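First the structure, then my questions, so here it is.
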Amino acid sequence: EDKVVQSPLSLVVHEGDTVTLNCSYEVTNFRSLLWYKQEKKAPTFLFMLTSSGIEKKSGRLSSILDKKELFSILNITATQTGDSAVYLCATFRGGADGLTFGKGTHLIIQP
Amino acid sequence: KAGVTQTPRYLIKTRGQQVTLSCSPISGHRSVSWYQQTPGQGLQFLFEYFSETQRNKGNFPGRFSGRQFSNSRSEMNVSTLELGDSALYLCASSLRTGLDGYTFGSGTRLTVV
């Protein structure tokens with residue numbers, strides 16, 4: 001059975017700090033790993049990673065995938081209160097199997 | 001362009017009733033998938049439709065069903081509702097069955113009393 005494990009499950013930091021969120025996976029026929037941010041309802045897409053060792057960046061957020069060690073990290077630098085959310089990691093193995101999600105990391109940024 | 005639209009936003013039903021939820025994907029997206037989100041289990045895959053055909057189904061009982069219309073809009077139905085069906089039901093659309101990622105709607109919050 002496919003497994004996606006995120007850590008930590010919750011994290012409280014102060015504005016301006018840098019955070020690293022972790023996602024490890026055991027997935028057969030792995031195709032890609034996706035990161036989403038969920039604030040209230042709709043998870044919003046952040047990154048999709050398919051190749052190992054290539055960093056994806058968007059502003060203060062960046063992510064990298066290690067296909068040998070089967071994990072990914074999501075970094076957020078200079079955090080702001082608006083970064084407070086649940087960050088979800090999911091794997092996709094192609095076909096129509098949908099996404100397999102981790103339980104998420106609940107990130108709280110204190111002013 | 002318009003995002004993924006789910007209706008209704010909130011729903012309260014009684015045990016034993018049935019419910020139908022609706023999802024309109026992003027224009028041009030032909031793949032629609034459904035997920036159930038609960039505090040205990042997180043997000044779990046229900047099923048995926050592409051060109052009006054169910055391509056796959058997650059580990060849910062037969063009370064959960066769905067369909068997709070020729071315009072790619074999708075509905076999911078839950079019959080004989082149980083208290084444990086209370087959840088946020090999210091719909092996601094994709095251009096090419098996930099190869100380009102999935103865009104989620106805001107969900108329908110179903111409460112079964």
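The values are calculated or read from the model by the stated rules, or taken from the named source; none is laboratory data. Just so we're clear, the structure is a prediction, and the values are computed from it rather than from any experiment. Reconstructed Cβ throughout: ideal geometry from the backbone, glycine too, with neighbour counts over all protein chains shown. Heavy atoms of the whole protein, side chains included, go into the accessibility calculation; ligands, DNA and RNA do not. Shrake-Rupley method; radii C 1.70, N 1.55, O 1.52, S 1.80 Å.
Heavy-atom accessible area per residue, chain A, 1.4 Å probe: how many Å²?
49
On a C-alpha basis, how far is the centre of the stretch B:1-75 from the centre of the stretch A:46-70 in Å? Whole number, if you could?
29
Next question, about the same structure. Highest mean first, how do A:46-55, A:63-72 rank when packing is the count of other Cβ atoms within 10 Å averaged over residues?
Taking the mean over residues of other Cβ atoms within 10 Å, the ranking is A:63-72, A:46-55.
Once the whole set of protein chains is in place, how much accessible area is left on B:Tyr102, using a 1.4 Å probe, in Å² to the nearest 10?
Using a 1.4 Å probe on the heavy atoms, I get roughly 0 Å².
Explain nothing, just the number: relative contact order of the stretch A:1-40, from Cα pairs under 8 Å at least 6 residues apart, as a whole percent.
48
Could I ask something else about it? Rank B:Gln44, B:Ile26, B:Thr103 by how far each Cα sits towards the positive end of the charge dipole of chain B (+1 on Lys, Arg Cβ; -1 on Asp, Glu Cβ) and give me just the farthest.
Working it through, the farthest residue towards the positive pole turns out to be B:Ile26.
Which whole-Hz ³J(HN,Hα) couplings does the stretch B:24-39 yield from phi under the Karplus relation 6.51 cos²θ - 1.76 cosθ + 1.60, θ = phi - 60°, glycine and proline marked x?
In residue order, the calculated couplings are 10, x, 4, 4, x, 7, 10, 9, 10, 10, 10, 9, 10, 10, 10, x Hz.
For the stretch A:1-100, what's the relative contact order in percent, using C-alpha pairs closer than 8 Å and at least 6 residues apart?
Across the stretch A:1-100, relative contact order equals 34 percent.
Report, as an integer, the average count of C-beta atoms from other chains found within 10 Å of each Cβ along A:34-40.
Across A:34-40, the average partner-chain Cβ count within 10 Å equals 2.
Now for a different question. Can you send over the carbon and sulfur percentage of the accessible area for the protein assembly as shown, probe radius 1.4 Å, protein chains only?
That share works out to 48 percent.
Something else about it: Residue by residue through the stretch B:66-71, what is 3J(HN,Hα) from phi via Karplus (6.51 cos²θ - 1.76 cosθ + 1.60, θ = phi - 60°)? Round to whole Hz and write x for glycine and proline.
Coupling constants for the stretch B:66-71: x, 7, 10, 9, 5, 8 Hz.
May I pose another question? Taking amide hydrogens as modeled 1.01 Å from N in the peptide plane, which residues meet the under 5 Å criterion relative to B:Ser106, leaving out close sequence neighbours?
Residues meeting the amide H criterion: B:Gln6.
Peptide B:50-59: average number of partner chain Cβ atoms within 10 Å per residue?
Across B:50-59, the average partner-chain Cβ count within 10 Å equals 2.
Relative to a virtual label point 7 Å from the Cα of A:Val13 in the Cα→beta-carbon direction, which members of the stretch A:58-73 show backbone nitrogen distances below 20 Å?
A:58-66, A:71-73
Still on this structure: I need the calculated FRET efficiency for the pair A:Glu55 and B:Asp100, taking r as the beta carbon distance and R₀ as 25 Å, to the nearest 0.05.
0.80
Averaged over A:99-108, how many beta carbons belonging to a partner chain fall within 10 Å of each residue's beta carbon?
The per-residue average across the peptide is 3.
Taking H as built 1.01 Å from N, whose amide H comes closer than 5 Å to the amide H of B:Ser86, not counting residues under 5 places away?
So B:Ser86 has HN proximity to B:Val112.
Okay, moving on. Quick one: Karplus J couplings for the stretch A:85-93, per residue in order, coefficients 6.51, -1.76, 1.60, θ = phi - 60°, nearest Hz, x for Gly and Pro?
In residue order, the calculated couplings are 4, 9, 9, 10, 10, 9, 10, 10, 10 Hz.
With a 1.4 Å probe, what is the total accessible area buried between chains A and B, in Å² rounded to the nearest 100?
1700
Return a whole-number percent for the relative contact order of the stretch B:24-113, with Cα pairs under 8 Å and 6 or more residues apart as the contact set.
31
Further question: Quick check for you: with a 1.4 Å probe and neighbouring chains kept, what is the accessible area per residue of chain B, in Å²?
46
Can you compute the charge dipole magnitude of the stretch B:18-113 about its Cα centre, using +1 on each Lys and Arg Cβ and -1 on each Asp and Glu Cβ, nothing else charged? Give it in debye, rounded to the nearest 20.
In debye, rounded to 20, the stretch B:18-113 gives about 140.
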